[in-house]
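J.: Here you go, one structure.
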Amino acid sequence: MSNVFRDLLKKVGSGTHTSKHLSREESALATRMLLEQTATPAQIGAFMIAQRIKRPSIPELAGMLDCYDQMGGRLRVSSKAHPAMVLNTPYDGRQRHAPVTPLTALILASAGVPAILHGGDRMPTKMGLPLVDIWQSLGLTWQSLSLAQTQQVFDSTQVGFIYIPQHFAEAHQLVPYREQIGKRPTLATVELMWSPCQGRQHVVSGFVHPPTEDRTQETYQLRHTYEFTTVKGLEGSCDLPRSRTAIIGMGSLQDGESVFERLLLHPRDYGFEGADPDLNEEFAQALESSIHGEPGELTRSVIWNGGFYLWRAGRVPTIAEGIQRAQTLLETGQVVAKREQVRDAIATALNHHLSTV
């Protein structure tokens, strides 16, 4: 048993009237002890529940992110490259709506914007479709790559995927606690804020409930995040809905001061209103059709998202021009070509490793 961790646990778990927030430094230490499992299983489970009930403070979230930056695998962006866009999505996946985040990443990379995603395998509590399975449906298998090999793929293609079981094993080892406690711990919120990227970057964080967006905004501002976007997306992801107005926050640092703007994005204003495609047994086939730009509701969602994020990345001056650019990239085969480039880069990285063993 860790006496240090016990003292931290006592602060957050003393009840409604007597519990206290941890400092940023204490939160980073507690997170490290969770990840390294210096704390006992009983202490880890108790801390996860206590912090969920108390709700994390902004300094606590910042401290957790500090620890993730120190311990988790991250990809380096060249100082000469366009700032990377990090698209954060819940690790426990999707159940209802067809996800398009990997195709958004391929569109961005096709336009010269480095794109990074991160996630693991199917995960409690939702056990939804994870990113790694969507990549696999596209013929891209990231699981066997080391961090150095993933960096090699990212350098040559501008597409990267941090696979948590391989690149952040300490976080992956805490996954069973999610099932045992039956609730998402605060770590699930941190995953939506974390950027596994070193260098210039633009972080995108999805949310469901407004208080989550408030905490995300304040945490990014405390950490002096250069540029970020918050999105009330589908199932907490950063995928824009077409069935309703998208509630978006746009934050940046300007002359050292935090700036935040609200954008209400109406799909009907751009001709993209409609039902959000369901996640069903035909998803893999629809995904393949979409990457070729073939007409369909999923393709419309891909273009809608691709256009918006090209605009947020600064590649086009207006959302309308972003939509046109995304459609052109799909219909002219440039996104398919990017997919093939990533597939070849993964194969090259793995074959080089085997040839040197």
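The values are calculated or read from the model by the stated rules, or taken from the named source; none is laboratory data. Keep in mind it's a predicted model, so treat the numbers as computed, not measured. Positions of Cβ are generated from backbone atoms using ideal geometry, with glycine treated the same way; all protein chains shown enter the neighbour counts. We work out accessible area using only protein heavy atoms, side chains counted, and drop any ligands, DNA or RNA first. Shrake-Rupley method; radii C 1.70, N 1.55, O 1.52, S 1.80 Å.
J.: If you find the alpha carbon centre of region 301-324 and of region 3-74, how far apart are they in angstrom?
T.: 39 Å
J.: For region 197-244, what is the accessible area per residue in Å², given a 1.4 Å probe and the full set of protein chains?
T.: On the way: 1740 Å² over 48 residues.
For region 197-244, the per-residue accessible area is 36 Å².
J.: 7 Å from Cα along Cα→Cβ at both residue 53 and residue 78: what's the point-to-point distance in nm?
T.: Rounded to a tenth, the inter-label distance reads 5.3 nm.
J.: Taking 0.36 nm per residue of separation and subtracting the Cα-Cα distance, what length does fully extending residue 260 through residue 141 add? Walk me through the numbers before you get to the answer.
T.: Numbers: separation 119, 0.36 × 119 = 42.84 nm, distance 3.73 nm.
Additional length available on full extension: 39.1 nm.
J.: Right, another one. Determine the relative contact order of the chain: mean sequence separation of Cα pairs under 8 Å and six or more apart, normalised by residue count, in whole percent.
T.: Computed over the chain, the figure is 18 percent.
J.: On to the next question. Spelling out what I want: for every residue of region 6-14, take phi, set θ = phi - 60°, compute 6.51 cos²θ - 1.76 cosθ + 1.60 (Karplus), and round to whole Hz; glycine and proline get x.
T.: 4, 5, 5, 4, 4, 5, 8, x, 8
J.: Still on this structure, I have one more. Residues with amide H under 5 Å of residue 162's amide H, sequence separation 5 or more or different chain, H placed in the peptide plane at 1.01 Å from N; which?
T.: Counting only residues 5 or more places away or on other chains, the set is 117, 118, 119.
J.: What aspartates and glutamates could a cross-link reach from residue 11, if we take a straight Cα to Cα line under 12 Å and drop same-chain neighbours fewer than 8 places away?
T.: 26
J.: Mind sorting out which of (i) 23.6; (ii) 26.1; (iii) 20.8 is the real Kirkwood radius over Cα pairs in Å computed from the coordinates?
T.: Derived directly from the coordinates: (iii).
J.: I've got another one for you. Run through the DSSP bridge list for the chain and note the antiparallel percent, rounded to the nearest 5. Write down the numbers at each step before the final one.
T.: Details: 16 of 34 bridges.
Around 45 percent antiparallel, to the nearest 5.
J.: With +1 on the Cβ of every Lys and Arg and -1 on the Cβ of every Asp and Glu, and nothing else charged, how large is the dipole of region 196-276 about its Cα centre, in debye rounded to the nearest 20?
T.: Numbers: 8 positive and 12 negative charges, 23 e Å.
Dipole magnitude for region 196-276 comes out near 120 debye.
J.: Computed FRET efficiency, Cβ-Cβ of residue 320 and residue 16, R0 45 Å: what is it to the nearest 0.05?
T.: On the way: r = 50 Å, r/R0 = 1.12.
Efficiency at R0 = 45 Å is approximately 0.35.
J.: Same structure, new question: Charges at C-beta only: +1 for Lys and Arg, -1 for Asp and Glu. How large is the resulting dipole of the chain about its Cα centre, in Debye rounded to 20?
T.: Numbers: 34 positive and 36 negative charges, 160 e Å.
Dipole magnitude for the chain comes out near 760 debye.
J.: Something else: Using a 1.4 Å probe, how large is the accessible area of residue 311, given in Å² and rounded to the nearest 10?
T.: The value for residue 311 is about 60 Å².
J.: Can you give the extra length, in nm with one decimal, that the chain gains between residue 244 and residue 3 once fully stretched, where that is 0.36 nm per residue apart less the Cα-Cα distance?
T.: Working: separation 241, 0.36 × 241 = 86.76 nm, distance 5.00 nm.
Here the segment from residue 244 to residue 3 would lengthen by 81.8 nm.
J.: May I pose another question? Length gain on complete extension for the stretch residue 155 to residue 282, per 0.36 nm per residue less the alpha carbon to alpha carbon distance? Please list the in-between numbers first.
T.: Values: separation 127, 0.36 × 127 = 45.72 nm, distance 3.31 nm.
Contour length minus the Cα-Cα distance gives 42.4 nm.
J.: Where the centre of each part is set by its Cα atoms, how far does region 260-300 sit from region 88-146, in angstrom?
T.: Result: 16 Å between the Cα centres.
J.: Accessible area per residue of region 57-148 at 1.4 Å probe, in Å²? Intermediate results must be reported in sequence, preceding the final value.
T.: Values: 2490 Å² over 92 residues.
Ligands and nucleic acids excluded, the figure is 27 Å² per residue.
J.: Next up: In whole Hz, what ³J(HN,Hα) sequence does region 118-125 give by Karplus (6.51, -1.76, 1.60; θ = phi - 60°), x for Gly and Pro?
T.: Rounded to whole hertz, the list is 8, x, x, 8, 4, 9, x, 8.
J.: What percentage of the solvent-accessible surface of region 10-112, computed with a 1.4 Å probe over protein heavy atoms, is contributed by carbon and sulfur atoms? Each step should come with its number before you reach the end.
T.: On the way: 2050 of 3930 Å².
Within region 10-112, the accessible surface is 52 percent carbon and sulfur.
J.: Ordered by residue, what ³J(HN,Hα) values in Hz, to whole numbers, does region 313-324 give under the Karplus form 6.51 cos²θ - 1.76 cosθ + 1.60, where θ = phi - 60° and Gly and Pro are x?
T.: With the stated coefficients, region 313-324 comes to 7, x, 7, 9, x, 9, 5, 4, 6, x, 4, 5 Hz.
J.: Same structure, new question: I'd like the FRET efficiency for residue 269 and residue 331, computed as 1/(1 + (r/R0)^6) with the beta carbon distance as r and R0 of 30 Å, rounded to 0.05. Don't skip to the answer; put the middle values down first.
T.: On the way: r = 22 Å, r/R0 = 0.75.
Once the sixth-power term is evaluated, E becomes 0.85.
J.: Another question, then. Report the rotationally averaged projected area of region 198-357 based on its alpha-carbon convex hull, in square nanometres. Before the final figure, lay out the partial values.
T.: Details: hull surface 49.3 nm².
Average of the hull's projected areas for region 198-357 equals 12.3 nm².
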